[in-house]
Amino acid sequence: MRFKEKSVIVTGGASGIGRAIAEQFAQEGATVVVADINRESTQDAVEAISARGGRALPVNVDVSNPKSVQEMVDTTVDANGRLDIIVNSAAVPSVSKIIDISFETWNKVININLTGTFLCAQAAARCMVDAGSGRIINLASVNGQRAITGRGAYTAAKGGVIMLTRIMAAELGPENITVNAIAPGPVDTAMVEEMHTAATREAWYRALPIKRYAKPQEVADATLFLASDEARYITGHVLNVDGGFDATGLLFEL
């Protein structure tokens, strides 16, 4: 088991990509703190992990609240003795043209997706500096690299996550802490099922060399790699898990 005895936090761990990541860490021997704002879903995720023989702890957290974030980290250290890895997966979607985004929606998306990632990474990093090592993995998106219609607030937040990842990697490298990001393309989750119209899916299929959406477990596989010893000399990197989307321009039959 690659992560036996490791202490891991996964924010947004109650559903979607975050839940797949939490479950795979537990399968690999880690003790996982499933941190999410939804108490019922968090408890369900923990029970599912426990039923498979894994070790997990539920923590209710509002990632946009510094006090709540610090309590999450403190609870983890109190329960597990340390914090080795944090995966910042908590996020909310937004679909709206730039001219139609309300101030309230803009603030919510930035506060959770970008500021929440910063607060969780910062609190974890302070703990890891004291321990002398650590892994921080932020969930960004191809939306943070390329413009996608109707994703203005989300794109701005995820672009910020990428730059946050790079500056943290630069500053925390001397402390033996790596900081990397995962940039998924379209992933089959309940949130995406609700957001993506038939037109959205058709546009994605045209743009993807691999003609399907990713499974949450495929994003989890990449995340666990960046958290592993095999990735110990990788930092400041954005790993695209996007079916080739970022590599392509025009796609057509010759």
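Counting only strands (runs of 3 or more DSSP E) that sit wholly inside the stretch 12-105, those with at least 1 residues that are crowded, with 21+ Cβ neighbours inside 10 Å and over 17 Å from the mean Cα position of the chain (by Cα) are 31-36, 55-60.
To keep it simple, each residue is scored yes or no on (1) exposed (fewer than 14 other Cβ atoms within 10 Å of the Cβ); (2) modelled with pLDDT of 95 or more; (3) small (Gly, Ala, Ser).
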residue	(1), (2), (3)
Arg206	yes, no, no
Tyr213	no, yes, no
Val219	no, yes, no
Ala222	no, yes, yes
Leu226	no, yes, no
Thr235	no, yes, no
Asn240	no, yes, no
Leu250	yes, no, no
Leu254	yes, no, no
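Name every residue in the stretch 146-183 that is among the polar types (S, T, N, Q) and out of contact with any helix residue (DSSP H, G or I) (no Cβ under 6 Å at 6 or more places or on another chain), in order of residue number. If the condition is that a residue be among the polar types (S, T, N, Q) and out of contact with any helix residue (DSSP H, G or I) (no Cβ under 6 Å at 6 or more places or on another chain), then Thr149, Thr165, Asn176, Thr178 are the ones that fit.
Is it the case that the stretch 147-158 has a residue that's at pLDDT 95 or above, under 19 Å from Gly236 (Cα atoms) and not in a helix (DSSP H, G or I)? For the stretch 147-158, residues at pLDDT 95 or above, under 19 Å from Gly236 (Cα atoms) and not in a helix (DSSP H, G or I): absent.
Among residues belonging to the stretch 145-198 that are under 21 Å from Ile112 (Cβ atoms) and among the polar types (S, T, N, Q), point out the one that is surrounded by the most Cβ atoms within 10 Å (Cβ to Cβ). Looking at residues that are under 21 Å from Ile112 (Cβ atoms) and among the polar types (S, T, N, Q), I get Thr165.
Any residue at all in the stretch 113-133 that's of a type in the set (A, V, I, L, M), more than 22 Å from Arg232 (Cα to Cα) and not in a helix (DSSP H, G or I)? No: zero hits.
The values are calculated or read from the model by the stated rules, or taken from the named source; none is laboratory data. Just so it is clear, the model here is predicted, and its values are computed rather than measured. Positions of Cβ are backbone-derived with ideal geometry, glycine not excepted, and every protein chain shown enters the neighbour counts.
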